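For reference, the structure discussed in these notes is given below.
The values are calculated or read from the model by the stated rules, or taken from the named source; none is laboratory data. None of these values were measured; they are calculated from a predicted model. Here the Cβ positions follow ideal geometry from the backbone for every residue, glycine too, while neighbour counts run over all protein chains shown. Only protein heavy atoms, including side chains, enter the accessible area calculation; ligands, DNA and RNA are left aside. Shrake-Rupley method; radii C 1.70, N 1.55, O 1.52, S 1.80 Å.
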Amino acid sequence: MIDSLARETLLEPGGITDDGLASVLGATFGRGTDGGDCYFQFISQEGWSLEDGLVKSASFNIERGVGIRVISGEQTGFAYSDEISLPAMLEAGRTARSIASAGQTGSIPVRPGAARDTALYLPDDPLGSLDEARKIELLKHMDAVARAADPRVTQVICSLAGVREVVLVLTADGEMVTDVRPLVRMNVQVLVEQGGRRESGSSGGGGRSGYAFFTDDDRAGAYAREAVRQALVNLEAVDAPAGTMKVVLGPGWPGVLLHEAIGHGLEGDFNRKGTSAFAGRIGERVAAPGISIVDDGTMPGRRGSLNVDDEGTVTQQTTLIEDGYLRGYMQDRLNARLSGTRSTGNGRRESYAHLPMPRMTNTYMLPGAAGPGEILASVDRGLYAVNFGGGQVDITSGKFVFSASEAYLIENGRVTRPVKGATLIGNGPDVLTRVSMIGNDLELDTGVGTCGKEGQGVPVGVGQPTLRIDGMTVGGTQAA
Amino acid sequence: MILDHARSCGASAAQAAVSHNVGLAVTVRRGEVETLEYERDQQMGLVAYFGQSKGAASTTDFSPEALRQTAEAACRIARYTEPDPYAGLPDPDEQARDWPDLQLDHPWDCPAGRGIDLAREVETAGFAVDPRVDNSEGASVSTRRAMSVLGDTHGFMGGYRSTRHSISCALVARGDGGMQRDYAYGTSRDPSRLPAGEAIGREAAERALRRLGARKLGTRQCPVLFVPEMARSLIGNFTRAISGGAQYRKSSFLLDAAGREVFPRWMRIFEEPLLPGALGSAPFDGEGVRTRPRDLVTAGVLQDYILDSYAARRLGLRTTGNAGGARNVSVQPHPGEKGLQALLSDMGTGLLVTEMIGQGVNLVTGDYSRGAAGFWVENGEIAYPVEEITIAGNLRDVFRGIAAVGNDVDIRGNIRTGSILVEAMTVAGD
């Protein structure tokens, strides 16, 4: 059904048949090339936003195109077209193959590639999963919940976004794989004011489903209450400490630590090129005993999940770190081939106009045995950070940051005053060796992450249990 | 045509923007071609108004059918959105009628083969600097030409072409303390103004090498000197804080700050949108409104905000021709004759910041905390490289605490500033 939907959306409007594709493949991927693919994509997306209590603006966008990538050894030639037709494909293919001094092969027949047995999400169009009036109602509900939560709320901005992506990957040897990917997201940002002081809070979530995700269990209302709660906490926040101290990270979104400290450094491209601080360290201890981290593209409905990656490889759960030892990297096809291994289903791209590369899906740490209360009680003095903005890493030196947006001081085993947001900085290859307690409360984030690499953004997920780290640098302003 | 579609769907007013880009990018790594990318993008965006209600839609498919559907989508959305008294096209009197040629279009006849040769030269020059430079993330050459056209139902119609060409290189050096990566680049609208490829390669190598052996610092308060590339991001936080959206949403630490002293008395920041050949230049803004040179800060006092017509109406002000943002924001060097070396001497002992990572800026409160790397400076001389530290403060204090702006102005972006010396910030490390 997905196959026929993808053909109907991507191939039929341009009158493209399997025979036509076979001749394009033959003309593009002849002798002298080492693979590549044609990536067909149709994206329709919408965004609705509410401000001052009114839904005043909304947008709808369509993108359609095909990207053709020709690989020869370590070289990649790439061209794309926003017209999906055989002549446009032949032209793009001719351009892309200019890197290879290759001969042509009459034609390469098209055949189905491997598919996932049970889909991780339904191919329904999220944009049509709710009518326009109900989308507006949903935003107004979120706004009303936030305003009712506290009289100090002065401003509420809410957004609702939906994307439907239809993807068809045709590999150089004729394997055809398709996927239809829904993705929805809601966000809320509130401003609170008290005695001339203003603070903000934000929350949100989403996943690969329709908009019913937000009405189930009133998630929209829960995001609104959460944003207000954070903003009110920040109204009381004092200056954050500066210096190296014990840090307890809450469960869920603080897993952005793993994404930055470990995740990027374990992507296959940086390791093949030897530019990652983790290059050549498979089998070595890079984390404390008890720490196991996986990248898992197979979690039903999650923001970072994919039935197949953008190279047509069925996604999997990949063990990155097992009981503290480095076990594996995340690979796409190109880097896997050049490293003598197999793709782990991590080949992703922002769109047909971008080249794929190894990227994370949902990256998280498996739970340990300690109760979160027990972990906090064990710290005499430190920082308890429960919410974060984004992070960034220098792959080569291994230094990474992530910025707390809700944090508290821990004094004598008790969580005391809230402190202002501060950036935490550490060294990827050793930060996890300083983990001294692992919570039993694994949580995944609510579905808000977007990872940027070389200018390409892709949706991802992160997660972790409560963690105690004995020594991270906290970038506040108050001498500790 | 697309505007006619919108009209025929019942729109009372509409604005359409069309862009078309063609480009080529090559990357060479360790002497071999790694990627050769041909770019070709087009997009049409439409905003339709039904009275005070608004809808927007865009498409990359330019078939008549797709354009018609896009117009219908914008109009359909506008029927659902609620009226906003401030919505609408700009006042036609504010729009540009004619405009100078800003010399933004300088196509580069750079076929793939020539780009590859140039990228090889860049990388080779970098590797030749020192045997410790033993790895590369590649050298890239890219060229891009764009055409953009804007029209609205008030009768505005304008368009222009522009080009942007870049050479960049990222190299990895290996030493006792591990590996360090750094990069260098040149970018310009005019290829004849790009720096020599070899110079970029050498600079990338030298920058990676000088970071080897970096250590942490102890936590302290000290003066901080930002090199121009980093100073740019400080000024970027200022322009975001005085943007119309941040003002009318009351989400700025510089709320209602016009007329107030935000920087030291000697400081001047101005916008030069009509500077010929500059990267931020444009003859009219994203709504067709005339762009004009003006002061944002005079004698340390904030003069005005950065407004499009919507934000202006909300604030009861007039548009400043900044739909799409500020253009060529320039910081006047002061005391005027000092480059980086002189500012290092002025600082004496403190931190020279050459790289920052992470977000860590809260525009609502001005709280600032970012990851940093650079050099510890003693008696005006670089002592040793430092990393894994943060710098923090509140931007209100940081801005007022600026002690000097260097004349080493970096013009490779939309914000043009020299090095900036700040009297004191908190550095967190060991």
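Restricting to the range B:73-97, count the residues that are more than 15 Å from B:A56 (Cβ to Cβ) and among the small types (G, A, S). Summing the residues that are more than 15 Å from B:A56 (Cβ to Cβ) and among the small types (G, A, S) in the range B:73-97 gives 1. Just to be sure before I move on: is B:G259 closer than 25 Å to B:G321 by Cβ and not aliphatic (A, V, I, L, M) in the structure I sent? Against the criterion (closer than 25 Å to B:G321 by Cβ and not aliphatic (A, V, I, L, M)), B:G259 qualifies. Across the range B:91-118, the qualifying residues are those that are under 30 Å from B:C169 (Cα atoms) and among the small types (G, A, S), and the one among them that is nearest to the other protein chains (Cβ to nearest Cβ) is B:A112. Summed over the range A:392-418, residues that are within 14 Å of chain B (Cβ to nearest Cβ), open to solvent by less than 40 Å² (accessible area, probe 1.4 Å) and part of a strand (DSSP E or B) total 10. In the set B:T70, B:T35, only one residue is at the interface with chain A (Cβ under 9 Å from one of its Cβ atoms) and in a strand (DSSP E or B); that residue is B:T35. Specify the residue that is most open to solvent (accessible area, probe 1.4 Å); the eligible residues are those in the range B:399-408 that are part of a loop (DSSP other than H, G, I, E, B) and under 15 Å from B:M267 (Cα atoms). Selected residue: B:N407. Counting only residues that are modelled with pLDDT of 95 or more, in a loop (DSSP other than H, G, I, E, B) and farther than 28 Å from B:A17 by Cα, the range B:294-337 holds 5 of them. Only one entry in B:G360, B:G300 is free of Cβ contacts under 8 Å to residues at least 40 places away in the same chain and within 30 Å of B:Y384 (Cα to Cα), namely B:G360.
For every residue, the table says whether it meets (1) free of Cβ contacts under 8 Å to residues at least 40 places away in the same chain; (2) away from every other protein chain (no Cβ under 14 Å); (3) in contact with a strand residue (DSSP E or B) (Cβ under 7 Å, 6 or more places away or on another chain); (4) open to solvent by 40 Å² or more (accessible area, probe 1.4 Å).
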{"residue": "A:E311", "(1), (2), (3), (4)": "no, yes, yes, no"}
{"residue": "A:V314", "(1), (2), (3), (4)": "no, yes, yes, yes"}
{"residue": "A:R333", "(1), (2), (3), (4)": "no, yes, yes, yes"}
{"residue": "A:A336", "(1), (2), (3), (4)": "no, yes, no, no"}
{"residue": "A:G340", "(1), (2), (3), (4)": "yes, yes, no, yes"}
{"residue": "A:R348", "(1), (2), (3), (4)": "no, yes, yes, no"}
{"residue": "A:H354", "(1), (2), (3), (4)": "no, no, yes, yes"}
{"residue": "A:N362", "(1), (2), (3), (4)": "no, yes, yes, no"}
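Listed by position, the strands (runs of 3 or more DSSP E) contained in the range A:32-97 that have at least 3 residues being at the interface with another protein chain (Cβ under 7 Å from one of its Cβ atoms) are A:54-72, A:75-81. In the set B:D93, B:D117, B:D105, which member is more than 30 Å from A:G77 (Cβ to Cβ) and either part of a loop (DSSP other than H, G, I, E, B) or open to solvent by 30 Å² or more (accessible area, probe 1.4 Å) (or both)? Result: B:D93 is the single residue among B:D93, B:D117, B:D105 that is more than 30 Å from A:G77 (Cβ to Cβ) and either part of a loop (DSSP other than H, G, I, E, B) or open to solvent by 30 Å² or more (accessible area, probe 1.4 Å) (or both). Checked against (1) within 30 Å of B:W376 (Cβ to Cβ); (2) hydrophobic (A, V, I, L, M, F, W, C); (3) without any contact (Cβ under 8 Å) to a residue 24 or more places away in the chain, B:V227 meets all criteria but (3).
The set of residues in the range A:380-391 that are modelled with pLDDT of 95 or more and at the interface with chain B (Cβ under 8 Å from one of its Cβ atoms) is empty. Between A:V256, A:V228, the distinction of being out of contact with any helix residue (DSSP H, G or I) (no Cβ under 7 Å at 6 or more places or on another chain) and assigned to a helix (DSSP H, G or I) belongs to A:V256 only.
Check A:T315, A:T275, A:T244 and return the single one that is hydroxyl-bearing (S, T, Y) and within 16 Å of the chain's Cα centre (by Cα).
Values: A:T275 fails: within 16 Å of the chain's Cα centre (by Cα); A:T244 fails: within 16 Å of the chain's Cα centre (by Cα).
Residue meeting the stated conditions: A:T315.
Candidates are the residues of the range B:38-67 that are more than 9 Å from chain A (Cβ to nearest Cβ) and closer than 24 Å to B:R145 by Cα; the one that is surrounded by the most Cβ atoms within 10 Å (Cβ to Cβ) is B:L46. Among the residues of the range A:103-133, those identified as within 14 Å of chain B (Cβ to nearest Cβ) and either under 26 Å from A:L25 (Cβ atoms) or without any contact (Cβ under 8 Å) to a residue 40 or more places away in the chain (or both) are A:G128, A:D131, A:E132, A:A133. A single member of A:G452, A:G461, A:G457, A:G421 is within 14 Å of chain B (Cβ to nearest Cβ) and outside any loop (DSSP other than H, G, I, E, B), and it is A:G452.
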